[in-house]
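Here the structure is laid out as structure tokens; the discussion comes afterwards.
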Amino acid sequence: MPGKQASTVRGVAAAAHIGPSVLIAAIMTALALHPGVGAARLVVFASAALLGQFSIGWSNDYVDAPHDTAAGRRDKPVVAGGVSRRAIGIAALGALVANVVLCFTLTPRTGVVNLVMMAAGWAYNAGLKSTALSGVTYVVGFGLIPAFAFSVRPGSPAPPAWLVVAAALLGGGAHFANVLPDLDDDAATGVRGLPHRLGAAGSQIAAAVLLLAATLTLVFGPAGPPSWAGLAAAVAALVVLPLGWYAAQRARGRPVAMFRAVIVVALIDILLLIFSGRVV
């Protein structure tokens, strides 16, 4: 029994998509850092953010389990037998309930914004990811991150519009970047979102354009002259993306090089987003 329980725990953890979940929750928490936000309040916020991301990850594997099984996706914990679909579903619902309760204990605005974000993430998993509107959930979910983080600051101020636009553009770019390595596997399971309709080349271009737009918005959106660090980040993005595209074409259109390039620019945008949000 102990061995089986340990296997179940590992399966549940794997189905939570821990890497992306922790990264997004960390971005939210970094944006929430403020002199007026106490340590206890920040811990509650960070816990709520992480639970929300876990709930989205678990609901994704729960909904996809039948298709993943049919496609033989042994990389998925449910298909590999590490955890049951029922356990994943219970974990998803439990995390969602805890996330919603914790957010409403912070402020009403935190609770409402969180509900919209969770609705976007769950709607994507429930079927929108197989439609031409798949990117909308990412744009909404990421675009609301600044409002979610700012809501726990004293007075729950609204973030500046340029920060919201940049976050939304980052979300759109992240959608295309995230799908690039899995286009073939997704096709085997019947997923036909916007990136799949555009194909590998179209998705590479879309990811590059959206992420570069996010970079430029973060650098030139605030009032006053851009910082030297911001300008350096913009130059880096303008150099990395064409190099990634060129390398991908040299590799007969395989998206590996371009995927790496857009990941680099996405990381640049994440750092810019956090820094920009902290100094507002």
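The values are calculated or read from the model by the stated rules, or taken from the named source; none is laboratory data. Everything numeric here is computed off the predicted structure, so don't read it as measured data. Please note: Cβ atoms are built from the backbone with ideal geometry, for glycine as well, and neighbour counts cover all protein chains shown.
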Among the residues of region 11-30, is there at least one that is of a type outside the set (A, V, I, L, M, F, W, C), surrounded by fewer than 17 Cβ atoms within 10 Å (Cβ to Cβ), part of a helix (DSSP H, G or I) and touching a residue at least 24 places away in the same chain (Cβ under 8 Å)?
yes
Among 113, 136, which is the only one that is in contact with a Leu (Cβ under 6 Å, 6 or more places away or on another chain), modelled with pLDDT of 90 or more and either of a type in the set (A, V, I, L, M, F, W, C) or in a helix (DSSP H, G or I) (or both)?
113
If you go through region 31-47 one residue at a time, how many are part of a helix (DSSP H, G or I) and either under 17 Å from residue 142 (Cβ atoms) or in contact with a Lys or Arg (Cβ under 7 Å, 6 or more places away or on another chain) (or both)?
2
Residues of region 144-154 being surrounded by 16 or more Cβ atoms within 10 Å (Cβ to Cβ), more than 15 Å from the chain's Cα centre (by Cα) and of a type outside the set (Gly, Ala, Ser), in sequence order, are 150, 152, 153
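Let's see how each residue does on (1) hydrophobic (A, V, I, L, M, F, W, C); (2) over 18 Å from the mean Cα position of the chain (by Cα); (3) at pLDDT 95 or above:
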site: 52; (1), (2), (3): no, no, yes
site: 66; (1), (2), (3): no, yes, no
site: 72; (1), (2), (3): no, yes, no
site: 78; (1), (2), (3): yes, yes, no
site: 92; (1), (2), (3): yes, no, yes
site: 117; (1), (2), (3): yes, no, yes
site: 142; (1), (2), (3): yes, no, yes
site: 167; (1), (2), (3): yes, no, yes
Can you find even one residue in region 172-192 that is surrounded by fewer than 23 Cβ atoms within 10 Å (Cβ to Cβ) and over 16 Å from residue 129 (Cα atoms)?
no
Failed condition for residue 157, given (1) in contact (Cβ under 8 Å) with a residue 12 or more places away in the chain; (2) of a type outside the set (Gly, Ala, Ser); (3) surrounded by fewer than 21 Cβ atoms within 10 Å (Cβ to Cβ); (4) touching a helix residue (DSSP H, G or I) at 6+ places or on another chain (Cβ under 6 Å):
(1)
Considering only helices (runs of 4 or more DSSP H) wholly within region 171-271, the ones with at least 1 residues that are within 17 Å of the chain's Cα centre (by Cα) are 194-220
Looking only at region 66-80, how many residues end up being of a type outside the set (A, V, I, L, M, F, W, C) and in contact (Cβ under 8 Å) with a residue 24 or more places away in the chain?
5
For region 34-55, state whether one or more residues are touching a residue at least 24 places away in the same chain (Cβ under 8 Å), aromatic (Phe, Trp, Tyr) and touching a helix residue (DSSP H, G or I) at 6+ places or on another chain (Cβ under 6 Å).
yes
Which is closer than 26 Å to residue 244 by Cβ, under 20 Å from the mean Cα position of the chain (by Cα) and of a type outside the set (A, V, I, L, M), of 135, 127?
135
